[in-house]
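Enquirer: Input: one structure, supplied below.
None of the figures in this text is laboratory data; all of them are computed from the coordinates on show. Computed from a predicted model, the values in this text were never measured in an experiment. Note: ideal-geometry Cβ built from the backbone for every residue, glycine included; neighbour counts use all protein chains shown.
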Amino acid sequence: MDRRETAALLAYIGRLDPRLIRTDPGEVADQLGQWHELLGDVPLATEHGWDACVVALQHIRLSPYPILPADIGRPWARYRRDRLHRHVDPTPAADPDDPAVWNAELAGTRRAVAVGTAQPVAYRQLAARRRTSTGIPPEARALLAPFRRARAAHEAAVAQGEPDVLSVPCRQCDAPEGRLCRLRRISRGGFPRDNAPLAIPHQCRLDLAAAQAARSQQPAPA
C-alpha cells in the first residue's frame, strides 16, 4: 500500500481503537512512516479475499492488545503462502526455446497469484471435480446429514444464497479454504484432545466471506 492507503488504514484503526491515535504532528509523522515502512509491500485490499481493514477489525474485536503492523503482516504472509501452495504453474505461452522469457512469464504468474491479483491455477481435473460434485449422491447426503451436521449446515446455507464461507480461509482457527472451522477441545490435564468441526463458522470468516461476496457483486469500473 502507498502512504495514502497506509494513512487511511491508520485512520480506520483509530476510529475502532482510540489508543492508536496520535495528536502531536511529529508523532503522527513517525507513526505513519513506521507503518508504511513495515507494510509497504502489503496491499490494502485485493480482488480475491484479502482486506487489511477486515484483518484489523478482527484483531481489535478479538484481542485486548493494541494492534501492531505485525498483526497485519503475519496474516498477509499466510494469505500469500496459502495461495502459492494451491497454485500449479500453467504452461507459459512464451517460446520454450527462450528460457529468459519463459521463466519471466512463470515468475510473473506466481507473483500475481501471491499478491492476490490473480487466482491460483489448479489442475483442471481437480478443479472440475471440486466444482461439479462432492462425490456423494443427494440421497446419500441426506441420510448422512445427521452424522455430518457441520458440513450439512454449510451446504444448506450456500443453497439458501448465503456467502460460501469455505471459499476463504479462517484467520482464527487457521482452517484453509474448503475446510470447516474447528474448535480445539482440551482435556482435563490441559492437553489438546481433538478438534471438533463447527456448524457455525467463526465470525471473522463470515465477515471475510461476506466482504468478498460484496466486492464480487460490485460493477466493474468503466
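Enquirer: First measure r as the distance between the Cβ atoms of LEU38 and GLN172, then evaluate 1/(1 + (r/R0)^6) with R0 = 30 Å and state the FRET efficiency to the nearest 0.05. The partial results should precede the final answer.
Expert: Working: r = 23 Å, r/R0 = 0.77.
Step by step, r from the Cβ atoms, then E = 0.85.
Enquirer: Also: May I ask you to sort TYR12, TYR79 by Cβ crowding, counting other Cβ atoms within 10 Å and putting the fewest first? Don't skip to the answer; put the middle values down first.
Expert: Numbers: TYR12 15, TYR79 23.
Fewest to most other Cβ atoms nearby, the residues stand as TYR12, TYR79.
Enquirer: Using the Karplus curve 6.51 cos²θ - 1.76 cosθ + 1.60 with θ = phi - 60°, what ³J(HN,Hα) values do you get for each residue of segment 70-83, in whole Hz, with x for Gly and Pro?
Expert: Each residue of segment 70-83 in turn: 5, 6, 9, x, 5, x, 5, 5, 5, 4, 4, 4, 5, 5 Hz.
Enquirer: For ALA199, which sequence-distant residues (separation of 5 or more, or a different chain) have an amide H within less than 5 Å of its own amide H, given hydrogens modelled in the peptide plane?
Expert: The list, which skips near neighbours in sequence, is empty: none.
Enquirer: Is segment 3-80 rounded, prolate or oblate when judged by the Cα gyration tensor, a ≥ b ≥ c being the square roots of its eigenvalues, rounded requiring a/c under 1.5 and prolate requiring a/b larger than b/c? Please report the intermediate quantities before stating the final value.
Expert: On the way: a/c = 1.90, a/b = 1.33, b/c = 1.43.
In terms of gyration-tensor shape, oblate.
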